[in-house]
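Report on one structure; see the data block that follows.
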Amino acid sequence: MSQSIASQRESLRYRSRLMQPEAERHPDTHPLTWRLRDDGEVVWLEEYLRKDGYQSVRKALADGDPQAIIATMKDANVGGRGGGGFSAGLKWSLTLQGGDMPRGYLICNADEMEPGTFKDRLLMEQQPHLVIEGMILAALANNSCYGYIFLRGEYVTAGRVLNRALDEARAGGWLGADINGSGFDFDIVVHSGAGRYICGEETALINSLEGKRANPRAKPPFPGQSGAWGKPSVVNNVETLCNAPGVILNGADWYQGLSGERTGNGGSKIYGVSGLVEKPGLWELPMGTTGAEILDRAGGMRNGRQLKAWLPGGASTGFLLPEHLELALDFDTVGKEGSRLGTGLITVVPREQSLVALVRNLEEFFARESCGWCTPCRDGLPWTVKVLRALESGQGEAGDIELLDKLAADCGPAQTFCAHAPGAAMPLQTALKHFRHEFEQGISEPRTKAAEG
Amino acid sequence: MMADTPQKTALIGSDGFELDPADETAIIEEMDHYERPQAACIEALKIVQRRHGWVPDGAIAAVARVLGIGPGEVEGVATFYSLIFRQPVGRHIVLVCDSSACFLTGFEELRHALVEQLGIDYGQTTTDGRFTLLPVCCLGACDGAPALMIDDDTYGPVSPADLPGMLEAYP
């Protein structure tokens, strides 16, 4: 291979990066990213410790009060950053412990596969010790004996970085028996997956961790009551866990203050944009930052394109319109608009993009990734794809749109074991709501007004 | 190897497959990380796959034996996960991200170019046994869309014109 081809290939290699330079990031305002380096190299243990690393663990061990960790996390109200938005502190408060209850497991959900989401990759690839520090705090709070980082198999670099960081943490006395002389034992192993989006669903993840097919489990019992191998288990997203060290070190009030007056949801958030914008990327910003501010940071739409619609946080969130750009992007506000914050990574849709084609692409994804456990999901999603393909090619039939309405409703909450089908329904339903005329144009023989009544 | 292979029957595990001792050791080490050996199932299949490129029928029974579970359970797992291959694949796996961010930024052109240059579609392997082409869930490289992976390497953004030089690095 010639030198030029090799260097051309090297330049095409994907590298995760944060768009904000080091000079803009401070411990007080950017707890998730202030330690990241401008050169994108990994912050290894020595540098991490120099940058106040593991101070929250030191503090928590000295305090020796796991219930206080839970109380602080509850007060901080850190909404689950995997997209669910459920308070991590509340989740931790519901974990069974004490009495005869055996110690359970702490699972970091690093199965990042939500279309449009690329934030956990950055945290793991460049700042593995923050993930580990968050996991130790969570283990202390939940009395977990062992931790797993459930990492998607394709994240090869993250796996390599995390494993080396785990070795460093063990050698440094931050993991293993009697951490820092506290009498607390905890260790972590990276469990790497072998594909399938459904593994990110927390009960399917537990089945996958146990070496089974990744079908979801019925809840209750919730993982905190009976999770991996029947033990109390806590599953938290990477970014959620990365929030814990700052909260424990600086307190719930400080955390709430990070988002200022923007929103009732506290903290900072790794937001991002992808699609046809000038500068797609990631930024750590106060929770409740508006879509307009984020889009502005991305330099706006590429080559003067017009924005038609956007997904606020991945494929399983609902479409929003340009008029929604001024909304605070937090769990509550976006939820009120019939969408969800999801992962907080925006996907923009330009004016010339057919919504029918895009929704077809989304539903193909959900249909392919359905685990097949529940009928509405297994049979309903391929059916939506079939109808959407027909509409896309102008071969739709009268009644197709009503059929899509029905299929989406049948995939709604509480019809299936997990949130996969409801996640698939949301972009479909919101596209039908906001862009119904585009779908109607795919019907080859539109019904008459009379028949419609 | 072929001469010693017993007659193939419909039963899983009857095709004379033997686990490499190093692989068996690696699987047993993996089992240590979990409360039950079954949890090492996916990793065990990946260990087999690293050596053979795919998971042959006989490996199902061999892995089941090491883990102490039924071959049906191992087969159920092997057929569930998209990155476990139950048929022979090429020396290099090309995973094309077809999720929303890539779809919006030129995935279809990239896919067409790959299909054209490799002469294969999804799930197929080039006749020289070099490449297998597969779709993949969002690669988490959306700020570098459209993205693809070849073996352990992630690339993006990739244009059709980049493909010839890129593929050349994978003989």
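Just so you know, all these numbers are worked out from the coordinates, no wet-lab data involved. Just so it is clear, the structure is predicted and the values come from calculations on it, not from any experiment. Cβ coordinates were reconstructed from backbone atoms using ideal geometry, including for glycine residues, and neighbour counts include every protein chain displayed.
In terms of surrounding Cβ atoms within a 10 Å radius of their Cβ, A:LEU32, A:LEU90 rank from fewest to most as A:LEU90, A:LEU32. Between 0 and 90 degrees, the angle of helix A:420-434 with respect to the longest Cα principal axis of chain A falls at about 50 degrees. Each peptide among A:351-358, B:158-165 gets the average number of other Cβ atoms lying within 10 Å of its residues, and from highest to lowest they stand as A:351-358, B:158-165. For A:VAL359, what charge total do you get from the other residues with a beta carbon under 10 Å from its beta carbon, if Lys and Arg give +1 and Asp and Glu give -1? Summing Lys/Arg as +1 and Asp/Glu as -1 gives -3. Using the rule -39500 (n - 2.57) for each DSSP H run of four or more residues, divided by the residues of the protein assembly as shown, the 222 nm mean residue ellipticity is -12000 deg cm²/dmol. Taking the Cα centre of the protein assembly as shown as origin and assigning +1 to Lys and Arg Cβ atoms and -1 to Asp and Glu Cβ atoms, the resulting dipole is close to 600 debye.
Here each label is just a point 7 Å from Cα along the line to Cβ, and for A:LEU403 and A:GLU323 those points are 3.2 nm apart. Listed by chain and number, the lysines whose C-alpha is less than 17 Å from the C-alpha of A:LYS406, apart from same-chain residues fewer than 8 away, are A:LYS386, A:LYS433.
Taking other residues whose beta carbon is less than 15 angstrom from the beta carbon of A:GLN306, and scoring Lys, Arg as +1 and Asp, Glu as -1, yields +1. Using alpha carbons only, the radius of gyration of the stretch A:9-256 set against its Kirkwood radius gives Rg/Rh = 0.94.
When you restrict to C-alpha pairs under 8 Å that are six or more residues apart and normalise by the size of chain A, the relative contact order lands at 15 percent. The angle between the Cα long axis of helix A:3-12 and the longest principal axis of the Cα atoms of chain A comes to about 80 degrees, rounded to the nearest 10. The protection proxy used here, the mean number of other Cβ atoms lying within 10 Å of each residue, ranks peptides A:399-409, B:19-29, A:425-435, B:103-113 as follows, highest first: A:425-435, B:103-113, A:399-409, B:19-29. What separates the Cα centres of the stretch A:71-140 and the stretch A:189-258 is a distance of 6 Å.
Name the shape class, rounded, prolate or oblate, that the alpha-carbon gyration tensor gives for the stretch A:211-295, where a ≥ b ≥ c are the square roots of its eigenvalues, rounded holds for a/c under 1.5, and otherwise prolate holds if a/b is larger than b/c and oblate otherwise. Oblate shape, in that a/c is at least 1.5 and b/c is the bigger or equal ratio. Between the listed residues A:ASN207, B:HIS112, A:THR263, the Cα displaced farthest toward the positive end of the dipole of the protein assembly as shown, a dipole computed from Cβ unit charges relative to the Cα centre, is found at A:THR263.
Shape summary: chain B maps onto an equivalent ellipsoid whose semi-axes, from the alpha-carbon gyration tensor, are 34, 19, 13 Å in decreasing order.
Electrostatic tally near B:ILE27: other residues with Cβ closer than 13 Å to its Cβ, Lys and Arg +1, Asp and Glu -1, net -3.
When the charge dipole of chain A is built from unit charges on Cβ atoms (+1 for Lys and Arg, -1 for Asp and Glu) and taken about the Cα centre, the candidate among A:GLY251, A:LEU407, A:GLY300 whose Cα reaches farthest toward its positive end is A:LEU407. The mean count of C-beta atoms from other chains within 10 Å of the C-beta of residues in A:11-20, rounded to a whole number, is 5. This model, with +1 at the C-beta of Lys and Arg and -1 at the C-beta of Asp and Glu, gives the stretch A:165-267 a dipole about its Cα centre of some 560 debye. The lysines within cross-link reach of A:LYS119, meaning a Cα-to-Cα straight distance under 25 Å and a gap of 8 or more places when in the same chain, are A:LYS51, A:LYS74, A:LYS91, A:LYS269, A:LYS279, A:LYS308, A:LYS336.
Shielding value for A:112-121 is 6, the average number of Cβ atoms from other chains within 10 Å of each residue's Cβ. Only lysines eight or more places from B:LYS46 in sequence, or on another chain, were considered; those with a Cα closer than 22 Å are A:LYS212.
Indicate, rounded to the nearest 5 percent, the antiparallel portion of the DSSP beta bridges found entirely in the protein assembly as shown. Within the protein assembly as shown, antiparallel bridges account for around 45 percent of the total. Think of the stretch A:355-423 as having a plus end and a minus end, set by charges on the Cβ of Lys, Arg, Asp and Glu; of A:ALA419, A:GLY394, A:GLY380, A:ALA419 sits farthest toward the positive end of this dipole.
Within the protein assembly as shown, the proportion of C-alpha pairs whose separation exceeds 31 Å stands at 51%. Rounded to the nearest 20 debye, the dipole magnitude of the stretch A:318-453 is 200 debye, with +1 charges on Lys and Arg beta carbons, -1 on Asp and Glu beta carbons, and the Cα centre as origin. Label-to-label distance for A:ARG164 and B:ASP151 is 1.9 nm, based on points extended 7 Å past Cα in the beta-carbon direction. Across the stretch A:355-452, Cα-Cα pairs more than 24 Å apart make up 18 percent of the total.
Highest mean first, the peptides A:411-421, A:381-391 sorted by other C-beta atoms within 10 Å per residue fall in the order A:381-391, A:411-421. Taking a ≥ b ≥ c as the square roots of the eigenvalues of the alpha carbon gyration tensor, the stretch A:117-274 is rounded, as a/c is under 1.5.
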